[in-house]
Amino acid sequence: MTSPGDGLHVVFGATGAIGSAVVAELLRHGRPVRAVSRGGRAPEGAEGVAADAADPAQAASAAAGATVVHHCAAPAYTRWPELFPALTRSVLAAAESAGAKLVFADNLYSYGPVDGPLREDLPAAAQGRKGRTRTAMATELLDAHRAGRARVAIGRASDYYGPRGINSTAGETLFGRLLAGRKPQWLGSTVQPHTLHYLPDIARGLVTLADRPEADGQVWHLPADEALTARQFTDLAAETAGRPVPAPIAVAGPAVLAVGGLFSPMLRELRETTYQFSAPFVVDSSKFGTALGPFEPTPHAEAVAATVEWFRSR
């Protein structure tokens, strides 16, 4: 039986952190890849196409001939409610026009505050603007699948880190500042466990969803290594980078975000997710392993070493 993953993969948002990791993972396996971004840049071995994914005509043209469309594109964080739904509809329509399977790189905002591990069967209880936006998009995509308009699979991950992972809680504000000799920043408690996903593992998980027909029509939590506290993770990064341990951490908790939000739209938006950093935020990905087979996440020690090396090389 031929898998949809055997044909052309079109990656929207191909120069972003997740999109570029998906492109790299596909190239690693010798898959044909079309990398779509506004600038049209692509690594050797991939076809680069310049297109605005939010423009339905441009998106449909970029997706022509695809068997799998990867939706890794996103507007500016502060403008999700205004721009993200239309962008997602455009990518969905492009997948429909190509007759392609759509794999959406989602996050965990839809659930809102949760008491216990995050599982796929939890209700979508988010009350914030960005969480409700994520819920609406996932609902629309799964409705399209049920209606037979396109095959859809959704992969969800927590905060990410890794090569090219700059705009994340564990990105520039942690690794970049640490290597510059400054205090790494964290958004809340440094002693609560918090799942962090390594970007290449996210890419492996999304490509698995693309390849497996049994993934269709469902939400999947992508596998990650064990949840660590910010203290444990930052000390690991500091030790790997040859910095003093324990590393000092600058905590930007709710009070700091409330004051900073008066002047910074980004800090104002981050207040919606402070609950993720004030209590355990642990992802349960057992459904993925049970249904789709063994998946060994990259150990944090190995992943942090690769991340430190990338940040040093910039």
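The values are calculated or read from the model by the stated rules, or taken from the named source; none is laboratory data. On a predicted model such as this, the values are computed, not experimentally measured, just so you know. Glycine gets a Cβ as well: all are built from the backbone with ideal geometry, and neighbour counts include every protein chain shown. These accessible areas exclude ligands, DNA and RNA; they are computed on the full protein's heavy atoms, side chains included. Shrake-Rupley method; radii C 1.70, N 1.55, O 1.52, S 1.80 Å.
Residue pairs whose Cβ atoms lie under 6 Å apart, sitting 6 or more positions apart in sequence or on different chains, and linking a residue in the range 48-69 that is acidic (Asp, Glu) to a partner that is at pLDDT 95 or above, are Asp52/Gln58. One residue stands out in the range 114-130 among those that are among the hydrophobic types (A, V, I, L, M, F, W, C) and part of a loop (DSSP other than H, G, I, E, B): the one that is least open to solvent (accessible area, probe 1.4 Å), namely Ala126. Could you go through the range 250-260 and let me know if any residue there is at pLDDT 95 or above and open to solvent by 30 Å² or more (accessible area, probe 1.4 Å). No, every residue in the range 250-260 fails to be at pLDDT 95 or above and open to solvent by 30 Å² or more (accessible area, probe 1.4 Å). The combined condition, being among the basic types (Lys, Arg), open to solvent by 60 Å² or more (accessible area, probe 1.4 Å) and at pLDDT 95 or above, is not fulfilled by Arg271.
Reported count of residues in the range 138-163, each being surrounded by fewer than 19 Cβ atoms within 10 Å (Cβ to Cβ) and part of a loop (DSSP other than H, G, I, E, B), is 3.
The set of residues in the range 181-201 being at pLDDT below 95 and of a type in the set (A, V, I, L, M) consists of Leu187 alone.
Any residue that is of a type outside the set (S, T, N, Q) and closer than 19 Å to Arg212 by Cβ - is there at least one of those in the range 82-93? Within the range 82-93 (the criterion being of a type outside the set (S, T, N, Q) and closer than 19 Å to Arg212 by Cβ), the answer is no, since none of the residues qualifies. Only a single criterion out of (1) open to solvent by less than 30 Å² (accessible area, probe 1.4 Å); (2) part of a loop (DSSP other than H, G, I, E, B); (3) over 25 Å from Val23 (Cα atoms) is not satisfied by Ser168, namely (3). Scanning the range 271-290 for residues that are of a type in the set (Lys, Arg) and either without any contact (Cβ under 8 Å) to a residue 12 or more places away in the chain or touching a strand residue (DSSP E or B) at 6+ places or on another chain (Cβ under 7 Å) (or both) yields a single hit, Lys287.
Residues are listed down the side, and each one gets a yes or a no for (1) in contact with a Ser or Thr (Cβ under 6 Å, 6 or more places away or on another chain); (2) acidic (Asp, Glu); (3) within 22 Å of Arg134 (Cβ to Cβ):
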site	(1), (2), (3)
Ala14	yes, no, yes
Leu26	no, no, no
Val33	no, no, no
Ser90	no, no, yes
Ala93	no, no, yes
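Open to solvent by 60 Å² or more (accessible area, probe 1.4 Å), among the hydroxyl-bearing types (Ser, Thr, Tyr) and within 27 Å of Glu47 (Cα to Cα), is that true of Ser97? When the stated conditions are applied, Ser97 passes them. The set of residues in the range 274-312 that are assigned to a helix (DSSP H, G or I), modelled with pLDDT of 95 or more and among the hydrophobic types (A, V, I, L, M, F, W, C) comprises Phe288, Ala291, Leu292, Ala301, Ala303, Val304, Ala305, Ala306, Val308, Trp310, Phe311.
Scanning the range 175-230 for residues being in a loop (DSSP other than H, G, I, E, B), open to solvent by 50 Å² or more (accessible area, probe 1.4 Å) and farther than 14 Å from Ala303 by Cα gives a total of 8. If only residues of the range 30-59 that are out of contact with any Asp or Glu (no Cβ under 8 Å at 6 or more places or on another chain) and under 18 Å from Pro163 (Cβ atoms) are counted, the one that is most open to solvent (accessible area, probe 1.4 Å) is Glu44. Being closer than 25 Å to His29 by Cα and polar (S, T, N, Q), is that true of even one residue in the range 223-242? Within the range 223-242, none of the residues are closer than 25 Å to His29 by Cα and polar (S, T, N, Q). Would you mind stating whether Val69 is touching a strand residue (DSSP E or B) at 6+ places or on another chain (Cβ under 9 Å) and closer than 19 Å to Val207 by Cβ? Against the criterion (touching a strand residue (DSSP E or B) at 6+ places or on another chain (Cβ under 9 Å) and closer than 19 Å to Val207 by Cβ), Val69 qualifies.
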